[in-house]
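J.: Supplied in structure tokens, the structure appears directly below.
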Amino acid sequence: MTSAKHAKNVSTAGHFELTIDGHKTTAFLKSVDGGQVKTSIIDEPIGHGNQRIKHTSVAEIEPITIDFGFAGAADLLKWIQDSWRREFGRRSGEIIHANFDMQPTYQYQFYDALLLETVFPALDGNSKDAGYVKIKVQPERMVEERKSGGPQISGKMGSKQKLWSLSSFRFELDGIPEMKFVNHIDSFTVKQGVKKMYTGIDRFPQIEPTKLEFPNISGTLAAGYCDALLKWHGETNHRGATDPKVQKHGAIEFLGPDKSTVLYRIELYEVGLYALSMPASTANAEQIKRIKFELYVGRMDIDGKGSLGLE
């Protein structure tokens, strides 16, 4: 049986706190993972007896994955915004893990990190779940240590922590007002490439940003509202129109519980339609017939009111 004294030194999986550049981010971090040092293994023969030895070679820091809620996360969302605008800012921060009494027991510090991925969850009009964004960041350096004592960790709960659910969204596309009836949007990921460069006697590689990849967007719309979408599909896919004039501007809006207040939005630029399909039909099924659309997007931007509309 674990003694009370030893129990206080046990870090729990659910007690941790994230700080970016000196600012506490969000009261609810759903999860944090990664960020440890990993080395490559070399297996090579020696001598004439076919003996082999193994040893470590180059080392690198694994990416950190963070799932976070929106309240208090303006700093993280500003980081995302800067990255999408090719203003590749680096961030430093720390993750503190605590025991049952919220006393810090382990501290992980990272430096000069670049954003690698931003993952937005699937949006569905029938969902009752809260929405969280996942990011993956690549540190250039890290330090970890055991901690004993210090102030208790304590998140500051934002007033808008529970304002957004996965069903509170609206899709807009110029010239097709029926897109406001979109009931589902698949999860999508924006990726930022980095190049790792080992230089001199440095143990870990330097990292530099490279290409920025914006994803395609796919979703579904009730077949009764697809006339304008079918017309656009005929113009571009059937008749082969490729002029930039046939591309459109759109947006995904994340809404409050009243389904009208816009918390923030993702702007979609240079949008084109590359596929339109009818999902499989089943005999005697009573579901609403829907059309699946697939769009390519040239670039994206994230914005909102005030500090990204969150706090």
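The values are calculated or read from the model by the stated rules, or taken from the named source; none is laboratory data. This one's a predicted model, so the numbers in the text were calculated from it and none came from an experiment. Cβ atoms come from the backbone with ideal geometry, glycine included; neighbour counts cover every protein chain shown.
J.: Of the residues that sit in segment 280-306 and are modelled with pLDDT under 95 and closer than 20 Å to LEU76 by Cα, which one is surrounded by the most Cβ atoms within 10 Å (Cβ to Cβ)?
T.: Within segment 280-306, the match that is surrounded by the most Cβ atoms within 10 Å (Cβ to Cβ) is ILE302.
J.: Do you know which of the residues in segment 165-223 that are in a strand (DSSP E or B) and among the acidic types (Asp, Glu) is nearest to VAL271 (Cα to Cα)? Walk me through how you get there before you give the answer.
T.: Going residue by residue through segment 165-223, those that are in a strand (DSSP E or B) are 165, 169-173, 184-185, 188-197, 206-213, 217-222.
Applying the additional criterion that residues be among the acidic types (Asp, Glu) yields 172, 208, 213.
Numbers: GLU172: 11, GLU208: 29, GLU213: 14 Å.
The qualifying residue nearest to VAL271 (Cα to Cα) is GLU172.
J.: Return the residue satisfying two criteria in turn: it lies in segment 47-87 and is more than 27 Å from TRP164 (Cβ to Cβ) and hydrophobic (A, V, I, L, M, F, W, C), and of such residues it is surrounded by the most Cβ atoms within 10 Å (Cβ to Cβ).
T.: Result: ILE61.
Here's the yes/no breakdown for (1) of a type in the set (Asp, Glu); (2) surrounded by 13 or more Cβ atoms within 10 Å (Cβ to Cβ):
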{"site": "GLU235", "(1), (2)": "yes, yes"}
{"site": "GLY240", "(1), (2)": "no, no"}
{"site": "ASP243", "(1), (2)": "yes, no"}
{"site": "GLN247", "(1), (2)": "no, yes"}
{"site": "ALA251", "(1), (2)": "no, yes"}
{"site": "VAL262", "(1), (2)": "no, yes"}
{"site": "ILE266", "(1), (2)": "no, yes"}
{"site": "LEU273", "(1), (2)": "no, yes"}
{"site": "SER277", "(1), (2)": "no, no"}
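J.: Is there any pair with a first residue in segment 257-284 that is under 22 Å from TYR225 (Cα atoms) and of a type in the set (Gly, Ala, Ser) and a second that is in a loop (DSSP other than H, G, I, E, B) and modelled with pLDDT under 90 whose Cβ atoms are under 8 Å apart and which are 6 or more apart or on different chains, and what are they?
T.: SER281/LYS289
J.: Out of segment 28-37, which residues are part of a strand (DSSP E or B) and out of contact with any strand residue (DSSP E or B) (no Cβ under 6 Å at 6 or more places or on another chain)?
T.: Taking segment 28-37 and keeping what is part of a strand (DSSP E or B), we get 29-34, 37.
Hits for segment 28-37: nothing passes.
J.: What tally of residues in segment 109-129 results from selecting those that are out of contact with any helix residue (DSSP H, G or I) (no Cβ under 6 Å at 6 or more places or on another chain) and surrounded by 20 or more Cβ atoms within 10 Å (Cβ to Cβ)? Reasoning before the result, please.
T.: Pass one, segment 109-129, residues out of contact with any helix residue (DSSP H, G or I) (no Cβ under 6 Å at 6 or more places or on another chain): 109-114, 116-117, 119-129.
Filter again for surrounded by 20 or more Cβ atoms within 10 Å (Cβ to Cβ), leaving 110, 113-114, 116, 120, 123.
So the answer is 6.
J.: Do we find that LEU221 is over 24 Å from PHE70 (Cα atoms), touching a residue at least 12 places away in the same chain (Cβ under 8 Å), surrounded by 14 or more Cβ atoms within 10 Å (Cβ to Cβ) and within 28 Å of the chain's Cα centre (by Cα) in this structure? Break it down into steps so the answer makes sense when it comes.
T.: Working: over 24 Å from PHE70 (Cα atoms): yes; touching a residue at least 12 places away in the same chain (Cβ under 8 Å): yes; surrounded by 14 or more Cβ atoms within 10 Å (Cβ to Cβ): yes; within 28 Å of the chain's Cα centre (by Cα): yes.
So LEU221 passes the test.
J.: Going through segment 224-243 one residue at a time, which ones are over 19 Å from LYS289 (Cβ atoms), assigned to a helix (DSSP H, G or I) and without any contact (Cβ under 8 Å) to a residue 12 or more places away in the chain?
T.: Initial filter on segment 224-243 (over 19 Å from LYS289 (Cβ atoms)): 232, 234-243.
In the following step, the residues that additionally are assigned to a helix (DSSP H, G or I) were identified as 232, 234-238.
Residues satisfying the conditions are GLY234, GLU235, HIS238.
J.: Count, please, the residues in segment 213-255 that happen to be closer than 25 Å to PHE188 by Cα, of a type in the set (A, V, I, L, M) and touching a helix residue (DSSP H, G or I) at 6+ places or on another chain (Cβ under 9 Å).
T.: 5
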